[in-house]
Amino acid sequence: MLDLKKEITFGKVEKETFIMNAETGRALKLDSQGTQIWEMVYHEHSKESIKRYFGGLFPDSKEAIYNDIEKFFSVLERENII
């Protein structure tokens with residue numbers, strides 16, 4: 001389970017999600033793919049279960065997907081969201 005910071009608020013507009021860190025005043029805008037990953041993070045899926053899920057959807061692109069998910073989590077960590 002990932003630890004979401006309590007200063008985080010977010011909202012969804014159509015297929016995009018906006019995540020705001022009230023402590024830093026910084027915000028992230030996620031596209032539809034980022035929104036799918038964020039929803040799994042919010043519902044307490046582990047990074048590994050997220051990788052398995054998307055790897056199963058796109059088995060021919062597993063390595064690229066895993067790299068993209070790692071980058072996504074790096075941004076969440078850098079922005080002090082998790």
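The values are calculated or read from the model by the stated rules, or taken from the named source; none is laboratory data. Computed from a predicted model, the values in this text were never measured in an experiment. Counting neighbours? That spans all protein chains shown, and the Cβs are built from the backbone with ideal geometry, glycine included. Each accessible area value is taken on the protein alone, full model and side chains, heavy atoms only, with ligands, DNA and RNA left out. Shrake-Rupley method; radii C 1.70, N 1.55, O 1.52, S 1.80 Å.
Brief remarks follow.
- Residue-span extension gain [residue 24 to residue 53] - 0.36 nm each, minus C-alpha spacing: 7.3 nm
- Per-residue ellipticity at 222 nm, computed for the chain from helices alone with -39500 (n - 2.57) per DSSP H run of at least four residues, works out to -15000 deg cm²/dmol.
- Per residue, the chain exposes 68 Å² of accessible surface when a 1.4 Å probe is rolled over the protein heavy atoms with every protein chain present.
- Principal-axis tilt of helix 47-57 within the chain, Cα atoms, nearest 10 degrees: 50 degrees
- Magnitude of the charge dipole for the chain, about its Cα centre and with charges confined to Cβ atoms of Lys, Arg (+1) and Asp, Glu (-1), is about 60 debye.
- Seen from residue 63, the other residues with C-beta closer than 12 Å to its C-beta sum to a net charge of -1, counting Lys and Arg as +1 and Asp and Glu as -1.
- Against the main long axis of the alpha-carbon atoms of the chain, helix 32-42 sits at an angle near 70°.
- Accessible carbon and sulfur surface of the chain relative to its total accessible area, %, 1.4 Å: 49 percent
- Principal-axis analysis of the Cα atoms of the chain puts helix 62-78 at an angle of about 10° to the longest axis.
- For the chain: relative contact order, % (alpha-carbon pairs under 8 angstrom, 6 or more apart): 29 percent
- D_trans [Stokes-Einstein, Kirkwood Rh over alpha-carbon pairs] for the chain, 25 °C, 0.890 mPa s, µm² s⁻¹: 188 µm²/s
- Additional length obtainable on full extension of the chain from residue 63 to residue 82, 0.36 nm per residue less Cα span: 4.5 nm
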